[in-house]
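**Student:** Here's a structure for you.
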Amino acid sequence: MSTELNEKADLEYGTQNHSHAIQEVDQPTHLSVGDILRGSAHSALTPFERKAALINEEIDKFGFGRYQICIWFLCGFGYFLDLAWAQGVGLVMTAVYQEMNVPAGKEGVVYSCANAGLALGALSFGIISDTFGRRWAFNSSCLITSVFGMLLAAPKFNYGAICGIYFLASFGLGGNIPIDAAIALETLPQNRRMLVSLLSMWQPIGVVAASGLAYGTAAKYRCDTTLPACNAVSAGQACCTVASNMGWRYCVIIIGAVTLLIFAARYLVFRFLESPKFLLGKGKEQEAIDVLHKIAAFNRQAAPTLTVEQFAEIDRVYGDGASHTHAATAKDVIANRLKTLGFLKGLFASKLQTFTFVVLALAYMGDYWSFNLAGSFLPIILLRNNVSSGETTVTSTYREYIYIYLPGIVGAILALFSVQLPLLGRKWSLVLSATLQGLSMAMYTQVKTTAGYVGLNAFEYIMQTFFNAVLYASAPEVFDTTYRASASGMLSCLGRLAGIVAPFAGQKYDDAGSEGILWLGAGGIWLSALVMVFLPIEMRNRQMY
């Protein structure tokens, strides 16, 4: 009798460690203005979420073990690649333009293609991850990026091919952060979820590493910058030949090789096990338990005590949760997704989830809008104001990159601690960092010296990393496993689309010689700060299902 009562208690409130968190939301959906401002809006638990709470208990017993440490580093390498590719390709493009005789006005095509690939990749890999599993997306994103990334070195005098290949490489790259954040969250114990914010430290490391690589390759093995392209002059005239301009090719090949090594580490060296919660959502309850046993064995820990009978008891008491536990063949899954995309309906099944998605979508769009405007027009505005960036030589150029981007690690560390503070948590950390980022952009209008440029740029990047670290980690937290990756991918896609549009919106201000571009950029991130005030769910003291 005592055993039965204990089992009933576990079903009603989750586990002893998590009872407060589950009690807190185990009541009808409530979405008042007060709840929204406090971040305490909630919905009643579904049978799936009750089962996920039991998996959470087992993962919490593992702690931050060997398996979790491996996952954290491998996901961190995905963050590293995200900005290593962006920085590396960005730095070698002037050499590409020169060699391939890219006409004025066409330089931005490669970046538009990259952003389109990143947007489509984020959306596609998110849906693929929720349909076929985390493991497939986790491995294939790096493989696609590495193959097409190294192929960037192949074209000769064909800028269109460069743009097309970079689109395909970016497609693979686009799925990295949404998928990696979801995988890390589903693997780490509940009291270590804040470490997902720290994954963003790998982004500035990627920028600095790519800058150093470009300095040693693209800047060193480059033709004279005054020479014309060989396809623009007659035979026999001095020109920028492929042989004299190999540095940029060395750079993309090396970054591609590093990406391939990361793929090998994920696929060959370390065996990534499918997410137990994903398997649970697909009705594969015994497989989910089997994965928990394998993780325990890898961690050299005691075997889990969870059984399918406990899941069955939840079905008996609270309903069978058919929407989560219907086991289908791959053919059935593909047909269903193509016909109705029905599983995404769950993302908008309630007012709370719909409202949360809209708020986060606006935050992502404001964020990407802001930093794309800054990246596109800030150098132009500084030059117009006769402000030197300090980049008078090749060496000083790359030294400035280190001064500006390496402090971004501080932003990730700030995120790590702020999300745990009772007065800040996820919600107010987002509001604070976005407000300060917008303030730093607005202050660019007052920059008159090189020191001011470097210092303010570094501060802006710290706040940008701070904001993104919290956003990338907290957005997947608020969605259930069933559509977590899809939601993250959709949000990232919307942000990328806003980033594509932003430079066109700012162009008229640039044509007029106005600094309104900076205010337009600051306005974007301030919009993110404003909407985050209305984020209805604060996850600091809640379980993630």
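**Student:** Label the range 116-197 by shape, choosing from rounded, prolate and oblate, from the square roots a ≥ b ≥ c of the eigenvalues of the Cα gyration tensor; if a/c is under 1.5 it is rounded, and otherwise prolate applies when a/b is larger than b/c, oblate when it is not.
**Tutor:** Prolate, because a/c is 1.5 or more and a/b exceeds b/c.
**Student:** Which whole-angstrom value gives the distance between the alpha carbon centres of the range 206-279 and the range 466-491?
**Tutor:** 30 Å
**Student:** Using the Cα centre of the range 388-499 as the reference point, and only Cβ charges (+1 on K/R, -1 on D/E), how large is the resulting charge dipole? Debye, rounded to the nearest 20.
**Tutor:** The calculation lands at about 100 debye.
**Student:** Moving on. Using the Karplus curve 6.51 cos²θ - 1.76 cosθ + 1.60 with θ = phi - 60°, work out ³J(HN,Hα) for each residue of the range 231-245 in order, rounded to whole Hz, and write x for Gly and Pro.
**Tutor:** Calculated HN-Hα couplings, in order: 7, 10, 10, 6, 4, x, 7, 5, 7, 7, 7, 4, 4, 8, 10 Hz.
**Student:** Under 5 Å between amide hydrogens, which residues at least 5 positions from H42 or on another chain qualify, with H placed 1.01 Å from N in the peptide plane?
**Tutor:** So H42 has HN proximity to H30.
**Student:** If we sort 486-498, 531-543 on the protection proxy, mean other Cβ atoms within 10 Å, highest first, what's the order?
**Tutor:** 486-498, 531-543
**Student:** Specify whether the C-alpha gyration tensor of the range 40-173 places it in the rounded, prolate or oblate class, a ≥ b ≥ c being the square roots of the eigenvalues: rounded for a/c under 1.5, otherwise prolate if a/b is larger than b/c and oblate if not.
**Tutor:** Prolate, because a/c is 1.5 or more and a/b exceeds b/c.
**Student:** Near the amide H of C240, under 5 Å away, which other amide H atoms are found, from residues 5 or more places off or on another chain, if H is placed in the peptide plane?
**Tutor:** Counting only residues 5 or more places away or on other chains, the set is A229, C230.
**Student:** Next up: May I ask which residue of A184, L173, T217 lies farthest towards the positive end of the charge dipole of the range 107-219, with charges of +1 (Lys, Arg) and -1 (Asp, Glu) on Cβ and the Cα centre as origin?
**Tutor:** Final value for the positive-end residue is A184.
**Student:** Set Lys and Arg Cβ to +1 and Asp and Glu Cβ to -1, take the dipole of the range 393-525 about its Cα centre, and tell me which of F466, V478, Y405 lies farthest positive.
**Tutor:** Working it through, the farthest residue towards the positive pole turns out to be V478.
**Student:** Do any of K351/K427; K61/K427; K106/K508; K156/K220 go past 24 Å between their Cα atoms, and which?
**Tutor:** K61/K427, as the Cα separations exceed 24 Å there.
We did not get these values from a lab; they are worked out from the coordinates using the rules stated. All of these numbers come straight from a predicted model, not from anything done at the bench. We place every Cβ from the backbone using ideal geometry, glycine too, and count neighbours over all the protein chains shown.
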